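Following: one structure in structure tokens, then a few remarks.
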Amino acid sequence: MERLSRRREAAIVSDIKKGFLTYAEVAQRYGVSVSCVSGIARRNKIATRSRNNWTEEELEFLRANYRRLGPRGVAKELERHSNYGSVCHKARELGLETDVGPYGKPKHMRFTVIDGGGGL
């Protein structure tokens with residue numbers, strides 16, 4: 001792996017500080033790995049901010065509707081949190097449970113036993 005010049009590293013630091021690009025975008029722009037960009041940020045003591053902070057309204061909606069809608073339903077309603085994994089993570093963090101399975105079906109209906117089926 002080649003060593004970055006001071007000028008190139010300074011340009012990377014400048015892009016990181018501006019905050020408009022993700023580490024992946026900075027890495028792609030300069031042809032380096034994401035871990036390289038992360039290391040440069042760490043060495044220069046650049047604190048990153050979270051991009052998807054939950055608002056109080058979103059948290060209230062999550063608490064009120066997670067049991068009924070499940071993670072995909074809540075993610076769909078909260079357009080800002082389109083990734084249902086972030087909804088799952090936040091719900092788990094808050095200790096919430098749901099009655100809905102991963103594909104929107106009620107959990108108690110996931111596996112249906114059919115009477116009289118499967119006989120030989």
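Residues in the stretch 26-50 that are touching a residue at least 12 places away in the same chain (Cβ under 8 Å) and farther than 21 Å from Ala10 by Cβ: Arg49 alone.
Return yes when Val32 is in a loop (DSSP other than H, G, I, E, B), farther than 30 Å from Val87 by Cα and either in contact with a strand residue (DSSP E or B) (Cβ under 8 Å, 6 or more places away or on another chain) or outside the structural domain of Arg92 (by TED's automatic domain parsing) (or both) and no when it is not. When the stated conditions are applied, Val32 passes them.
Looking only at the stretch 17-54, residues that are modelled with pLDDT of 90 or more, out of contact with any Leu (no Cβ under 9 Å at 6 or more places or on another chain) and β-branched (Val, Ile, Thr) come to 3 in all.
The values are calculated or read from the model by the stated rules, or taken from the named source; none is laboratory data. These numbers were taken from a predicted model, which means no experiment stands behind them. Ideal geometry is used to build each Cβ from the backbone, glycine not excepted, and the neighbour counts take in all protein chains shown.
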